[in-house]
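The structure appears below as structure tokens.
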Amino acid sequence: MKRSIRTSILALASALLLSVAAPVTTAAQGIPPDDTEAVWPPATLSQTDPTPAAQTPPAQTPALLEVSAQADGSWRAQWVGPAVDVDKDSAAQAMPPAGAHLSALAQALHQNAGQLFNPGPEINFELAGRVQAGQVFTLALPCQPSTGYGWQPAGMAGDIVRAAEFPVQVARLSHMPGTPAVCVMTAQAQDSGYARLALAYRRLWLADTPAKKITRIQAAEDGPSLADLARTLSWPVPETPAAPATDAAVEASMPDAPALAQAAQALPGRFNWCEQGKCPPVRDQRQCGSCWAFATVGVIESVTRITHGANTDFSEQFFISCNYQGWGCSGGWWPLDMAVDRRVHGESMAGPVGEWNFPYTASDGSCNGPYVHRWQGKAWGYVNPVNRYSVPDVNQIKQAIYSYGPVVVAVATGYAFHTYTGGVFQTNEASSPDVIDHAVVLVGWDDAGGYWIARNSWGSSWGEHWSGQRRNGDNGYMRIKYGISNIGFAAAYLNGARFFGRQLFLPGLRAPGSAVSLLPNGDFEALGGWKMSHSAWYSTWSPHAGRYSAGLGFSTGSITQTVTVPAQASRLRFWRTICSGRKTPGTTEVRLGSAVLRSYNHSQADRNYCSSWQLEELDVSPYRGQRLALGFYFSSPSDDGGIWFMDDLSFVR
């Protein structure tokens, strides 16, 4: 049951997405100088704000799904409106035309939420049926608070059923920024009769946003009551998720964080990086739960402004589509390791990529790299490294902001947060110390007012300007009181950035004059590219450099990939460690094509012995220019013939 609830709620996350296919500019179409906003690309519409009014297409009649329910529970559905082509529309094809029971209707709605609610996110959900005066009932619907969207009453004057302005419960799927949820709405009948309950899903500070799709379910006069419809059709409410735990993969990827110099210098009572011109424009994540990516990119862009004076514009979509954790529009944490030293599969190096190279689509999307990486962070860390998933002390956060730049943090949001338009926000919307669902960037503080200055990712129509004033079309910030809504949870910072010139992206060469030509993923940091057979693995056990090496051993296995030997290469260079076999010693062979370059025996006098890292160089000059299979093959007659570790492979002159 728990798994089915999770599946249903993950489906609802897709339900609230608008899949907009955006063209991806490739390096072949031109490489900008440095991913800066001012130089590249030419002025285009992006994720910073909605389409200007002059380019807004004409309003379209919303697609309408009408469902009629009879007294015996049977129902029929039909699509109405010019926006729907029943022969082509995926939603129309997904929705069954009829059913025998209301439970079947509920199942159809929940399973096909992604299709039925497209092209959201502005959607209406309406129920109609008989009510009794004073009757109170609930309706649970999918929502995603981290996007700024929520359910509100959409009834008309004279309706005898009145819905509460805000949900009585927001049941989150997890304690993770961007997580989907189920919002439980209540309604009460003011009189007896046939009544309608209408709810609209939209951004709460943008009134009168027209719906793009309407689902309308009406019971016959002698059919199910409105309360029965609401109870049967409600989405399942998930249980309270467990407190966030440190992800092992994130732990393994995080370098030793630079220590914060606590009390190393007196901190000012008021500080704001935006006053120094170090804050990028406010972006809009739209209906995708990608606040975690936007907040991370906001920190990176600010740090490049602080360290280099560069007005960079990096791609949130790269972190959404290319991260190795499965994060996306249903939530995620801070991918700062990808900005520093985590090179993901298919990429030439770690670091962010330019927005021009991978534009935002507000969808999970595919990672179709490799992409151009011109920037890289130097180091990153949690403000409180001892207890990372907590709210650090106010002075710890202030010290990190002052020393390194704006920091990424999590926060708990509710309808008060959503409808914020200015002033110092003082409503605590966290029900417990571990409840969060959204990510923002803290750019400064004010001790006299007792608040942080937070940068959001809901566009420039939300909130106020960073100066504390409300400006037309130039907002996106919030002043939020210290210690409320778990603001500051899991605070993390980026310590410095570096810029690389184009020479780093010449295929295979590290730097001019170097004799080294890298193998694809020769350092094993990308966790891909090599074919791993039985008894082969990526290893975190004491690698020669970075976080990963490759391991091979115990019984029979291999690590292989097809490579082109550079025309100027003379030797294959790599580092290796040999551990002896405890039973019958095994053998590791290094092969290039059909040739065995060298064989290593795992026999040692001490059966518990592992050698230190040793440098090896093998002659490959006879194979220059040839494309061959490079392989490391271990074999042993026993299941404990020893272990082979290798790291940092390259061709050298």
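Tabulated data
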| read-out | value |
| --- | --- |
| Contour excess over end-to-end distance, with Cα ends at SER542 and LEU206 and 0.36 nm allotted per residue | 115.6 nm |
| Modelled FRET efficiency - R0 56 Å, HIS345 with ALA133, Cβ distances, 0.05 increments | 0.35 |
| When each of LYS212/LYS278; LYS278/LYS378; LYS213/LYS278 is checked by Cα-Cα distance, pairs over 30 Å | LYS212/LYS278; LYS213/LYS278 |
| Computed E for GLU275/GLU589 - FRET, C-beta separation, R0 56 angstrom, nearest 0.05 | 0.35 |
| Where Rh is the Kirkwood radius over Cα pairs, Rg/Rh for region 403-445 | 0.99 |
| Neighbour-count order for PHE271, PHE489, fewest beta carbons within 10 angstrom listed first | PHE271, PHE489 |
| Region 540-601 and region 126-154: distance between their alpha carbon centers, rounded to Å | 61 |
| Nitroxide proxy distance, nm - points 7 Å out along Cα→Cβ at TRP613 and GLN70 | 7.5 |
| Proxy reagent accessibility, fewest Cβ within 10 Å first, across TRP452, TRP466, TRP613 | TRP613, TRP466, TRP452 |
| Shape call, region 59-233: gyration tensor on alpha carbons, a/c limit 1.5 | rounded |
| Ordering of 328-334, 72-78, 233-239 by burial proxy (mean other Cβ atoms within 10 Å per residue, highest first) | 328-334, 233-239, 72-78 |
| Using alpha carbons only: equivalent-ellipsoid semi-axes of region 256-365, gyration tensor based, whole Å | 26, 17, 14 |
| Sequence of LYS278, LYS481, LYS398 once ranked by neighbouring C-beta atoms within 10 Å, starting from the fewest | LYS481, LYS278, LYS398 |
| Dipole magnitude of region 272-411, debye to nearest 20 (Cβ charges: Lys/Arg +1, Asp/Glu -1, about Cα centre) | 220 |
| Global form of region 558-602, assessed from the alpha-carbon gyration tensor, a/c cut-off 1.5 | prolate |
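Every number here is computed from the coordinates shown, using simple stated rules; none is lab data. Keep in mind it's a predicted model, so treat the numbers as computed, not measured. Don't worry about glycine lacking a Cβ; one is built from the backbone with ideal geometry, like all the others, and counts go over all protein chains shown.
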